[in-house]
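A.B. asks: Here it is, the structure in full.
The values are calculated or read from the model by the stated rules, or taken from the named source; none is laboratory data. This structure is a prediction, so every number in the text was calculated from the model and none was measured. Here the Cβ is made from the backbone with ideal geometry for all residues, glycine too, and neighbour counts use every protein chain on show.
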Amino acid sequence: MTPELMLDLARKAAELVVEWNEGLPEENAWDGEFKKELEDRFMKDAPEDGRPAMEVLEQAAHEILPLAARLAHPRAFAFIPSSPTWPGVLADFMAAGYNINSATWLTASGPSQIELVVIEWFRRWLGYPDSAGGLLASGGSAASLEALVGAREAAGHPERGAVYMSDQSHSALIRAAKIVGIRPEYIRMIPSDEGFRIDVEALARSVTEDRAAGIDPVAVCANAGTTSTGAIDPLEALSDFCEEQSIWLHVDAAYGGSVVVTEEGRKLLRGIERADSVGIDAHKWFFQPYEAGGLLVKDARTLERVFAIHHDVLQDTLWGAGHPNFSDHGLQLSRSFRALKVWMSIQTFGMAAFRRAVSKGMELAGQAEKYVQESTVLELLSPVTLSVVCFRINPTEARLDEEILEKINRAVLARTFWDNRALMSSTLLRNTFSLRLCIMNHTTAWNDVRETLGAIELFGKEELEKQE
C-alpha cells in the first residue's frame with residue numbers, strides 16, 4: 001500500500017472507533033446473531049483476488065465488530081466488563097504497527113524496559129519487596145498457570161501434590177492446577193464462610209489430613225475479589241498459615257487487584273504483599289484493552305529457574321547480565337508488547353485519575369447496595385465489598401418458595417437482556433440464583449445504575465403479578 005492509502009485507512013479506522021464509542025450510550029450493551037445467519041454471511045472460500053481495503057474496513061466495522069457484548073458500554077454490568085482508555089487503544093495499534101516481539105532484550109530493548117517499568121509500578125502498589133519481579137501475560141488464566149508452575153517446582157514437583165482453593169475460586173485456577181499435573185482428586189475446594197471467603201480452619205484440616213495420607217501441599221490459592229461476589233479472602237490469616245506450613249500462597253487478584261492503588265483498596269487487600277505470587281489484570285479494573293494480565297512473584301528468580309530453557313537458535317539473544325529476556329520468565333516466546341498501553345495511559349492521565357476511576361466503581365456499588373436494601377422488591381444476597389452487587393427479586397411479604405423465586409429472577413434476567421439497554425449476568429450463591437451487577441466502567445454514572453435497577457424492579461413486579 002502507498003503511504004497515502006495507509007494513512008487514509010488509519011484515519012477511517014480511528015473515525016469509526018471514535019464514532020462507535022461516542023454512540024455507545026444510546027445503543028444496547030449487547031448485540032449478537034445466530035450461528036446459521038453468520039455462517040451464511042461469512043463462511044465462504046478465501047478470495048483469490050482482493051477488493052478495496054476501505055470496503056473491507058467498513059464491513060468489519062458495521063457487520064462484524066458490533067455483534068458482541070459492548071463491554072465499554074456504561075451499562076455493561078455483566079461478568080467482569082472492560083472500558084479501555086483511548087491511549088491504551090492507540091498503544092495496541094502502535095505496538096502492532098511497529099510489529100514488536102518482546103520476547104528478548106535483543107528483539108525489543110525499549111519495549112522490555114517499559115515492561116520492567118510497569119512491573120515495577122505493580123510491585124510498588126502491591127507493597128512487594130525489592131526482590132519481586134514478574135511479567136505481563138494474556139490474562140488471569142496464563143498468570144495462574146505460570147504461578148502454579150513456580151509453586152510446583154518450589155514444592156519439589158511431588159508426585160502426589162495438592163492445590164487448595166475456595167469453592168468461590170475462578171475456574172482458571174482449577175484449569176491451571178490440572179495443567180501443571182495436579183490430579184483432579186487432589187484439587188481441594190475448601191468451603192467458604194457466610195461472607196463467601198475461604199474458611200481457614202477448614203483449609204488447615206484439609207492440609208493436615210492430606211499430609212497424614214502422604215499427599216504434599218503445593219499451593220493455596222486465595223481470592224482478592226471473587227468474580228461472583230467480590231469477596232476477599234482473609235489474606236493475612238492465609239499468609240500466616242502458609243508461612244507456618246511452608247506452602248506457596250498465590251493470590252488471584254485478576255479482578256480486584258487494581259483497587260490497591262486507592263487508600264481504601266490497600267486496606268481491603270492488606271496481606272497481599274506477603275503472598276508468593278499475585279495475578280492481576282489491567283484489562284479489567286485498570287481500564288486497558290485486552291490482553292493485559294500480569295504475574296508478580298515475591299522472588300523474581302523463581303520464574304527464570306523454571307522457564308529459562310536455552311536453545312541454540314536463540315543463543316544470539318544473550319546480551320549479558322542485567323538485560324532480561326522475558327521469554328525466560330513465562331510460557332510465551334513470541335510476545336506482544338502489552339506494557340505500552342498501561343504506560344501510555346498512566347503517562348497521559350496520571351495516577352490521580354486512575355485512583356478516582358477505581359474509587360468511583362466502589363462508590364457506585366455502595367450506592368447500588370443501599371438502593372437494593374431500601375427496595376420493597378429487591379433482596380440483597382451478599383454484602384458489597386468491591387464493585388459486585390448480588391441481589392434478586394424477593395419481596396418480603398410475598399413469601400415465595402425458592403423454585404418460584406428462581407423462575408421469576410431468570411425471567412427478569414432474560415427481560416433485562418432483551419428489553420433493556422443494560423447487560424447484566426447472574427451467579428449461584430449457595431445454590432441460590434442471584435442477579436449480579438459488576439460496576440467498574442469509568443464512564444458509568446449513577447443514573448445508569450439507578451435506571452437499570454429501576455427496570456429490574458419493574459420487570460420483577462410484572463413477573464410477580466403473573467404468579468398471582
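A.B. asks: Can you name the number of the only condition in (1) part of a helix (DSSP H, G or I); (2) over 23 Å from PRO25 (Cα atoms) that GLY366 fails?
C.D. replies: The failed condition is (2).
A.B. asks: Evaluate the following for SER434: is it in a helix (DSSP H, G or I) and not β-branched (Val, Ile, Thr)?
C.D. replies: Details: in a helix (DSSP H, G or I): no; not β-branched (Val, Ile, Thr): yes.
Spelling it out, it is not the case that SER434 is in a helix (DSSP H, G or I) and not β-branched (Val, Ile, Thr).
A.B. asks: Can you pull out the residues in region 327-337 that are closer than 16 Å to LEU145 by Cα and not polar (S, T, N, Q)? Let's see the steps before the verdict.
C.D. replies: From region 327-337, those closer than 16 Å to LEU145 by Cα are 327-333; that's our starting set.
Answer for region 327-337, where residues must be closer than 16 Å to LEU145 by Cα and not polar (S, T, N, Q): ASP328, HIS329, GLY330, LEU331, LEU333.
A.B. asks: Something else about it: Residues that are part of a helix (DSSP H, G or I), within 30 Å of THR444 (Cβ to Cβ) and of a type in the set (Phe, Trp, Tyr): does region 25-35 have at least one? It would help to see each step written out before you state the result.
C.D. replies: Filtering region 25-35 down to residues part of a helix (DSSP H, G or I) leaves 25-26, 35.
With within 30 Å of THR444 (Cβ to Cβ) added as a condition, the list becomes 25-26.
Filter again for of a type in the set (Phe, Trp, Tyr), leaving none.
No, the conditions are met nowhere in region 25-35.
A.B. asks: Residue under question is ASP312, and the condition is that it be charged (D, E, K, R), closer than 24 Å to TRP248 by Cβ and surrounded by fewer than 23 Cβ atoms within 10 Å (Cβ to Cβ); does it hold?
C.D. replies: Against the criterion (charged (D, E, K, R), closer than 24 Å to TRP248 by Cβ and surrounded by fewer than 23 Cβ atoms within 10 Å (Cβ to Cβ)), ASP312 does not qualify.
A.B. asks: Another one. Condition first: surrounded by 15 or more Cβ atoms within 10 Å (Cβ to Cβ) and part of a helix (DSSP H, G or I). Now tell me which residues in region 411-422 satisfy that.
C.D. replies: Here is the first cut: in region 411-422, the ones surrounded by 15 or more Cβ atoms within 10 Å (Cβ to Cβ) are 411-413, 415-417, 420-422.
Residues satisfying the conditions are ALA411, VAL412, LEU413, ARG415, THR416, PHE417.
A.B. asks: Could you grab me the full set of residues in region 437-451 that are assigned to a helix (DSSP H, G or I) and either out of contact with any Leu (no Cβ under 7 Å at 6 or more places or on another chain) or farther than 25 Å from TYR255 by Cα (or both)?
C.D. replies: Of the residues in region 437-451, the ones assigned to a helix (DSSP H, G or I) are 446-451.
If the condition is that a residue be assigned to a helix (DSSP H, G or I) and either out of contact with any Leu (no Cβ under 7 Å at 6 or more places or on another chain) or farther than 25 Å from TYR255 by Cα (or both), then ASN447, ASP448, ARG450, GLU451 are the ones that fit.
A.B. asks: May I pose another question? Please go through (1) in contact with a Leu (Cβ under 8 Å, 6 or more places away or on another chain); (2) in a helix (DSSP H, G or I); (3) not hydroxyl-bearing (Ser, Thr, Tyr) for ALA222 and return the number of the only condition it doesn't satisfy.
C.D. replies: Looking at each condition in turn, ALA222 falls short on (2).
A.B. asks: Quick one: how many residues across region 215-258 are under 22 Å from GLU159 (Cβ atoms) and small (Gly, Ala, Ser)?
C.D. replies: Of the residues in region 215-258, 2 are under 22 Å from GLU159 (Cβ atoms) and small (Gly, Ala, Ser).
A.B. asks: Can you tell me how many residues in region 134-145 are crowded, with 23+ Cβ neighbours inside 10 Å, in contact with a helix residue (DSSP H, G or I) (Cβ under 8 Å, 6 or more places away or on another chain) and small (Gly, Ala, Ser)?
C.D. replies: Qualifying residue count, region 134-145: 4.
A.B. asks: Would you say ALA177 is touching a residue at least 60 places away in the same chain (Cβ under 8 Å) and in the same structural domain as ALA292 (by TED's automatic domain parsing)?
C.D. replies: On the way: touching a residue at least 60 places away in the same chain (Cβ under 8 Å): no; in the same structural domain as ALA292 (by TED's automatic domain parsing): yes.
So ALA177 does not fit the description; no.
A.B. asks: Going by the conditions given, is LYS360 crowded, with 16+ Cβ neighbours inside 10 Å, of a type in the set (Lys, Arg) and either outside the structural domain of VAL251 (by TED's automatic domain parsing) or over 25 Å from SER144 (Cβ atoms) (or both)?
C.D. replies: The answer is yes for LYS360.
A.B. asks: Still on this model: Taking only region 98-111 into account, find how many residues are part of a helix (DSSP H, G or I) and either touching a His at 6+ places or on another chain (Cβ under 8 Å) or not assigned by TED's automatic domain parsing to the domain that holds HIS329 (or both).
C.D. replies: Filtering region 98-111 for residues part of a helix (DSSP H, G or I) gives 109-111.
After this cut, where a residue has to be either touching a His at 6+ places or on another chain (Cβ under 8 Å) or not assigned by TED's automatic domain parsing to the domain that holds HIS329 (or both) as well, the list is 109.
Matching residues across region 98-111 total 1.
A.B. asks: If you don't mind, another one. Quick check on region 58-91: of everything there that is touching a helix residue (DSSP H, G or I) at 6+ places or on another chain (Cβ under 6 Å) and not in a loop (DSSP other than H, G, I, E, B), which residue is farthest from ALA365 (Cα to Cα)?
C.D. replies: Within region 58-91, the match that is farthest from ALA365 (Cα to Cα) is ALA61.
A.B. asks: Does SER192 count as touching a residue at least 12 places away in the same chain (Cβ under 8 Å), surrounded by fewer than 24 Cβ atoms within 10 Å (Cβ to Cβ) and under 20 Å from GLU115 (Cβ atoms)?
C.D. replies: Values: touching a residue at least 12 places away in the same chain (Cβ under 8 Å): yes; surrounded by fewer than 24 Cβ atoms within 10 Å (Cβ to Cβ): yes; under 20 Å from GLU115 (Cβ atoms): no.
No: the conditions fail for SER192.
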